[in-house]
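**Q** A single structure is presented below for examination.
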Amino acid sequence: MRNLVIIAFLISMLLTCSQGLLAMEAGGKVDILWSGVFQSDGHFDNELTESLDLELFLPPLGSSEVRYGFLVTKPLQGLFSDSEVSYFTKKLYIKHRSQHFHLTLGRQPISWSFGSLLNPVDYTLGAVALDEENNSKYTDALEIYIPVNWNSGVDMVVSFLGGFDPAFKQTKWGARGRLGIKGFDVTLNYVQEPSSSGAEREDNTGALGLANGFPSGLFPRHRVGATLKGDIGGFGLYGSVGHYFEEGMESSTSYLVGADYSYDLDYFTKITMQIEYLGLQPDSLDAGLKASLLKMNPSDIRLDLLMGRVSYPLDEFSSISLLTIMNANDGSLVVSPSYQNILPYNLELTLGGVVAIGRKDSLFAPGGLMPQAAVSLGLSYAF
């Protein structure tokens, strides 16, 4: 398997160099990331990772197009050391556009994001969180989009969680309607997860961290969500309501409200701010699970998260930002500062850190959901 991934990496680099001869285009990004984690027991763990995110744009076939994109992690370390090389297909689909509908079949990105830091009513919970993508955003699916007008349409999706093997009958499906009303964008969606237990679902939502979204396997199979987004004055306002239910289980509800605002200090400098509240009533979880997973007291009926982000450009090429997430129920919080700088030759330098603050039994207590602290230094090249 390792050799096949390395061969695929080398072939992709060759295709990139000869893309003009093959009448195709290629684009992507090369990342080098060093990350270190300070554990609560005093240990410091660090790792160096390089990755290639490559997408090939094949020539269109009439009104259809084929896309292929993948992520290879540690290709160079796999060549020169015993490190394990990983390969993940992000895109491998064919898309057909007609006047009345768009049809996409294959591995494709599916996310119903609307600008929030966390999205409790996405097609896959945690697919996009804090502007970071999870692999669960990419799924083997059949999607049909029916446009109504420039700001309205209907999405219908069927995901095949075991791939397109007809013997594997686990499927997930959802539908979303989008409508523009007096300057506001309004959506209503429904998602039905497969009937298997959360431990068996292959949605790749990751660990139980709320900073990565909600672990969908812990909630009822059915969910209905509605979102609203628009501008009032100089503020961008948005919100969502989600209801999760299943026969034989208690239902759960989520509420989200947020706002963003940009302030011009001068002609070249703009500060952007975003604040968000997410409330979750996880009535479908029993008391023991709520206490162990969400660190909720028996008297708490709702988990309240407050999130805020501020970005400030130092100059034309560099900026700093601060992200904070706080659990209003126990006072624990996560603070994450970052620095970005665009260097010559299309290089981008990123320096980031994460610090968890909270008492032992709190949600973001160091050593529980979060490490004591973490730091990262990244260098990327986009082409």
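**Q** Work out the FRET efficiency for Gln77 and Ser152 from their Cβ-Cβ distance, taking R0 = 56 Å, and round it to the nearest 0.05.
**A** Computed FRET efficiency for Gln77 and Ser152: 0.70.
**Q** For Val310, project a label point 7 Å along Cα to C-beta. Then give me every residue of region 267-286 with its amide nitrogen under 17 Å of that point.
**A** 269-276
**Q** Return the Rg/Rh value of region 298-343, two decimal places, where both radii are evaluated on C-alpha atoms and Rh is the Kirkwood radius. Write down the numbers at each step before the final one.
**A** On the way: Rg = 15.4 Å, Rh = 12.5 Å.
Answer for region 298-343: 1.24.
**Q** Using only helices, what value at 222 nm comes out for the chain when you add -39,500 (n - 2.57) per DSSP H run of length 4 or more and divide by the total residues, to the nearest 500 deg cm²/dmol?
**A** -2000 deg cm²/dmol
**Q** In whole Å, what are the Cα extents of the chain along the three principal axes, biggest one first?
**A** The principal-axis extents, from largest down, are 66, 51, 51 Å.
**Q** Take the Cα atoms of region 29-134, find their three principal axes, and give me the spread along each one in whole Å, biggest first.
**A** Taking the Cα atoms of region 29-134, the three principal extents are 61, 38, 17 Å.
**Q** Rounded to the nearest 0.05, what FRET efficiency do Glu25 and Ser299 have when you use their Cβ-Cβ distance and R0 = 41 Å?
**A** It comes to 0.10.
**Q** Using the Cα atoms of region 226-373, I'd like the radius of gyration and the largest Cα-Cα distance, Dmax, both in angstrom.
**A** Taking only Cα atoms of region 226-373, I get Rg and Dmax of 18.9, 59 Å.
**Q** Cα convex hull of region 75-174: how many Å³ per residue?
**A** Roughly 152 Å³ of hull volume per residue.
**Q** Okay, next question. Full extension from Tyr255 to His100: what is 0.36 nm times the residue separation minus their Cα-Cα distance, to one decimal in nm?
**A** On the way: separation 155, 0.36 × 155 = 55.80 nm, distance 3.46 nm.
Additional length available on full extension: 52.3 nm.
**Q** Test of understanding: what is the full-extension gain from Ser63 to Leu237, defined as 0.36 nm times their sequence separation minus their Cα-Cα distance?
**A** 58.9 nm
**Q** Starting from the Cα-Cα distance between Asp361 and Leu343, subtract it from 0.36 nm times their residue separation and give me the gain in nm to one decimal.
**A** 2.2 nm
**Q** Still on this model: Where Lys and Arg each count +1 and Asp and Glu each count -1, what net charge lies around Glu250 among other residues with Cβ under 10 Å from its Cβ?
**A** Surrounding charge for Glu250 is -3.
**Q** Over the chain, how many pairs of lysines fall under 21 Å by alpha carbon, counting only those 8 or more apart in sequence or from different chains?
**A** For the chain, qualifying lysine pairs total 17.
Rule-based calculations on the coordinates, nothing more; no lab input. Bear in mind the structure is a predicted one, so any value in this text is a computation, not a measurement. For neighbour counting, all protein chains shown are included, and Cβ atoms are generated from backbone atoms with ideal geometry for every residue, glycine included.
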